[in-house]
1. For the peptides 22-33, 89-100, what is the packing order when you average, over each peptide's residues, the other Cβ atoms within 10 Å and list the highest mean first?
2. Given a Förster distance of 30 angstrom, what is the FRET efficiency for residue 25 paired with residue 93, based on the Cβ-Cβ distance and rounded to 0.05?
3. From the cross-link list 54/98; 50/86; 42/86, which pairs have alpha carbons spaced over 29 Å apart?
4. Calculated FRET efficiency, residue 43 and residue 64, Cβ-Cβ r, R0 35 Å, to nearest 0.05?
5. Tell me, in nm to one decimal, what length is gained between residue 84 and residue 55 on full extension, where the rule is 0.36 nm per residue of separation less the Cα-Cα distance?
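What follows is calculated from the coordinates using simple rules that are stated; it is not laboratory data. Since this is a predicted model, take the numbers as computed values, not measurements. In this analysis, Cβ positions are derived from the backbone assuming ideal geometry, glycine residues included, and neighbour counts consider all displayed protein chains.
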Amino acid sequence: MTVAAAAPKTTCYTSSMEVSTYLADPCVPEDTDPLRYWEQNKVSMPTLTKLAMKYLVVPATSASVEWVFSVAGRNFRPYRCQLSYKTFQSLVFIKYNKNLKL
């Protein structure tokens, strides 16, 4: 018996297979806990599970939204009222994301 034969077989899922599996699943009731759903489906959809866990665990707080409004308020003053919407949006985006690690 070789080492490869003794190793457990794992199923390799591609991202497109995972999306197809997810879309083929029947809709779950609205009161279903999404974290529990993804925990139950982590074997058949490992990549989608990682994405779901990353984005579903965002803390429910308004602090970041209030901070964005505060930044926007400082940028949108009477002496800067000639800013176009696009420029204003870009300034707020840059200010809010300046410390983002890429």
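1. Sorting 22-33, 89-100 by mean packing, highest first, produces 89-100, 22-33.
2. Working from the Cβ atoms, E equals 0.25.
3. Values: 54/98 21 Å; 50/86 34 Å; 42/86 41 Å.
Listed pairs above 29 Å: 50/86; 42/86.
4. 0.55
5. On the way: separation 29, 0.36 × 29 = 10.44 nm, distance 3.20 nm.
Net length gain for the segment: 7.2 nm.
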